[in-house]
Amino acid sequence: MPISPSSEHECALCGEPEVAFPAEEVNLCPKCLDKSESLFDEEMSRIELIRTLRGRDVELYDVKHPDSSADKKHCGQVIIMKAGQGFEVKICLRADALDWNSQLVDADTGFASLDNRLDALIGNVSLLIESWGGGPYYMDIFYLNKMVSTEGEI
Ligand SMILES: [Zn+2]
């Protein structure tokens, strides 16, 4: 990708004018990028994906988060299916258990990143896709207001 003159760019968070941004697609100065990445990594490590089912071409995960208000810190499920050369991903989130749109903020300094909690979850899902060899994916994200479970035998 050609490097365009970026002298008129400024950091999207602190407004610092920077001539050289670390990466072409990033509009943050190195300092804000660093802080954002560490907040992102920290949130990724708080979101637990627990594999509950493993099939040949499909895996099912429970999503848990320490801030979830639901029973056993449960706050959703992720289904990853291998489909041809790519992946089909369904993410079902319990809307009332956790605010997935909440911005990532450093409690000590008040620094707020451009990323939210859902971005961090998608970061974790990306790692799973990578562990299956990577490829194109299609992802649906559902916010559920009510969850009803049933079981039986036919
Ligand atoms: Zn900055």
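The values are calculated or read from the model by the stated rules, or taken from the named source; none is laboratory data. All figures in this text were calculated on a predicted structure; none of them were measured in a lab. Positions of Cβ are generated from backbone atoms using ideal geometry, with glycine treated the same way; all protein chains shown enter the neighbour counts. For accessibility, only protein heavy atoms count, side chains too; no ligands or nucleic acids. Shrake-Rupley method; radii C 1.70, N 1.55, O 1.52, S 1.80 Å.
In this label model, LEU114 and ILE141 are separated by 1.6 nm, measuring between points 7 Å along each Cα→Cβ vector. Once each of the trypsin sites (Lys or Arg not before Pro) sitting in a DSSP loop with at most 16 other beta-carbon atoms within 10 Å is removed, the chain keeps 57-145 as its longest stretch.
For the chain, set up a Gaussian network in which alpha carbons nearer than 10 Å are linked by springs, and say which option among GLU16, GLU42, GLU59 fluctuates the most. Result for the chain, Cα springs under 10 Å: GLU16 fluctuates most. For the chain, the solvent-accessible area works out to 65 Å² per residue, with a probe of 1.4 Å and every protein chain left in place. For SER102, the solvent-accessible surface computed with a 1.4 Å probe is close to 30 Å², ligands and nucleic acids excluded.
Simple spin-label estimate for ARG46 and ASP99 gives 1.2 nm between the two label positions (7 Å along the Cα-to-Cβ direction from each Cα). Once backbone amide H atoms are built at 1.01 Å from N, PHE111 has ASP106 as its partners under 5 Å, excluding neighbours fewer than 5 places away on the same chain. Applying both filters, DSSP loop and at most 15 other Cβ atoms within 10 Å, to the GluC sites (Glu not before Pro) of segment 110-154 gives GLU151, GLU153. Based on the Stokes-Einstein relation at 25 °C and a viscosity of 0.890 mPa s, and on the Kirkwood radius from alpha carbon pairs, the chain is assigned a translational diffusion coefficient of 139 µm²/s. Only beta bridges with both residues in segment 30-144 are counted; by DSSP, about 75 percent of them are antiparallel. Taking a ≥ b ≥ c as the square roots of the Cα gyration tensor eigenvalues, with a/c under 1.5 meaning rounded and otherwise prolate when a/b beats b/c, else oblate, which class fits segment 96-154? Oblate is the answer for segment 96-154, as a/c is 1.5 or above yet b/c matches or exceeds a/b.
At a 1.4 Å probe, what is the % contribution of carbon and sulfur to the accessible area of the chain?
Roughly 50 percent, rounded to a whole number.
Among SER38, SER68, SER131, the largest mean-square fluctuation in a Gaussian network model of the chain (Cα springs under 10 Å) belongs to SER131.
In this structure, the amide hydrogen of MET139, modeled 1.01 Å from its nitrogen in the peptide plane, lies closer than 5 angstrom to those of VAL89, counting only residues at least 5 positions away or on a different chain.
Please label the shape of segment 21-90 as rounded, prolate or oblate, based on the square roots a ≥ b ≥ c of the eigenvalues of the alpha-carbon gyration tensor (a/c under 1.5 means rounded; beyond that, a/b larger than b/c means prolate, else oblate). Since a/c reaches 1.5 but b/c is at least a/b, the shape of segment 21-90 is classed as oblate.
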